[in-house]
Every structure is written in C-alpha cells, then in structure tokens.
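The values are calculated or read from the model by the stated rules, or taken from the named source; none is laboratory data. Predicted model only: the values in this text are computed from it and were never measured. No Cβ is skipped: glycine too gets one built from the backbone with ideal geometry, and neighbour counts run over all protein chains shown. For the accessible areas, the whole protein counts, side chains as well, though only heavy atoms, and no ligand, DNA or RNA atoms are used. Shrake-Rupley method; radii C 1.70, N 1.55, O 1.52, S 1.80 Å.
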Amino acid sequence: MSFITEGFLASIPVLSADEAAVVREQFNALEARVGRETAQIGLLDRHNEEPFIAALAVHPKVLEAVETVLGPDFFLLATHFFCKYGEGEAASKFVAWHQDVTYWGLEPATAVTVWLAIDDADEENGCMRVVPGSHAAGIREHTKAQQAGNLLSINQEVPVTEEEEASAVNLPLRAGFASLHDGCLIHGSLPNVSTRRRCGLTLRYVPTEVKQSTTNSHGKRWHPTLVRGIDRYRHWIEE
C-alpha cells in the first residue's frame, strides 16, 4: 500500500503492550479529573500541560513515520483526544465524513494526522474508517451533518458518493498502535455499539513551509512547535 496513492498508513507499532497500558492509566487519570463530557472531545492541546501527551507527540516512532511522508522538517500543530463511550446517550455519537484540513486555515493545506489508539479500536466500538485515495482531489466543500450526534467541532460533513462509501475501509488498531493519514483524506467513524470506551489521540503535523492564512474553525491561530528538523521559512516566528 502506498501513502501517495491511498492517503494513509495503517497499524504502525508505537508502544509495547506494557507501555500502552501505562499510557491508558495516565489517560484514565486525566479523564477522571476532567470528566467524560470534557474527555469526549474537549481535550485539545493538553500536551502543553500533560507530560505524557507531550512525550507521545515526540515519540521517535511517531516522528519517524511522519518524516516518511512530510520530509525532515515539520511542526507539531496540535493534539486532540477523541473518546466515544458506548453507554447511554453517548452511544449515538459518531464522526461524520470529513477532511481534517478543511477549516484549519493553512496555506498550502498540507498536513498529516497520526491517530494513536489509547484503547483497542475495532468495528464494534467505532474505529476510524477511510475512503482510500480520496485525498487526491484536494479539499472538497463541506456541509452541515443532518444526523444528530456528530462529534466534529462545527458539525461539518463532506458528501461522498455511493461508490466512495462502498470503498471505505476500517482501520482497527490495538492500543499502542497508530495510523497516519493525509489531511485531505476523507475519513470518519461509526457509533460505538459496544460497552467499551474507544479513545484515540490525534497528533497533527505540518511541514515548515506551511503558514496560517486565516484563523481556524475555533476562530484562533495555531501555536505549533518544531519537533523535527530546521525551520527555514519562519512563518510562525511570532508564535
């Protein structure tokens, strides 16, 4: 499978089983402090406060995987946890089809996302699904999702064809494994129909030539951190 043609890489080993268990306990403690409602999608950029998240964002195996697709010079743009719970009202939550970079305000719109499994992620608890090759056409126009329960920040959704829907593949991951996808790849996930939590940490990276042309979907500017290589462009000098 080629990242260039498919737009993603799957099942990248990052943590051993013992290491993954430690990280899960660290997240459990964070979840207990902030509560499930915040832990669901509210833990954005906590790498600035939580050492275990910062360590994951610069883990050598993560950065090596990112370098294979972005080259030697890149920033960590953001970190964000996505948790889907399988009980009660939370069981209806899903992630609509979307492209990551749509509302990030980047020029050029080049980024990759690493999705690191904190819990085992499978079809039953709503693992990520992708439409292979859908990144090739660039950014598509998004609309508002009609189905209730979309976890995306501004309820965005990109329409897909029947053929694209039929071509979608699941990306199950054991805890401690990661996937990596192009910022323009169409992806999403179905509701968690199990009684198990499905938590993943998304790590967003951009090459140093990227700059911010407009504010992001939260109306804010990014505060990236150089995590590998050299920044020859200095677009983010004020950050």
Which order do you get for Glu163, Glu19, Glu141 if you rank them by accessible area with a 1.4 Å probe, largest at the top?
Glu141, Glu163, Glu19
Lys, Arg +1 and Asp, Glu -1 on Cβ, resulting dipole of the chain about Cα centre, debye, nearest 20:
440 debye
Report the full-extension gain for the segment His218 to Glu87: residue separation times 0.36 nm, less the Cα-Cα distance, to one decimal in nm.
44.3 nm
Charge dipole of the chain built from unit charges on the beta carbon (Lys, Arg +1; Asp, Glu -1), centred at mean Cα; most positive-end Cα among Leu226, Pro60, Tyr205 is Leu226
A chain fully extended from Ile230 to Glu141 at 0.36 nm per residue, minus the present Cα-Cα distance, gains in nm 28.7 nm
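Return one whole number: the accessible area per residue of the stretch 1-97 in Å², for a 1.4 Å probe.
That works out to 46 Å² per residue.
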For the chain, how many pairs of lysine residues have a Cα-Cα distance under 24 Å, where the two are 8 or more positions apart or belong to different chains?
5
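Return a whole-number percent for the relative contact order of the chain, with Cα pairs under 8 Å and 6 or more residues apart as the contact set.
With pairs under 8 Å counted, the relative contact order is 34 percent.
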Would the stretch 23-178 count as rounded, prolate or oblate if I go by the C-alpha gyration tensor, calling it rounded below 1.5 in a/c and otherwise prolate when a/b exceeds b/c, oblate otherwise?
oblate
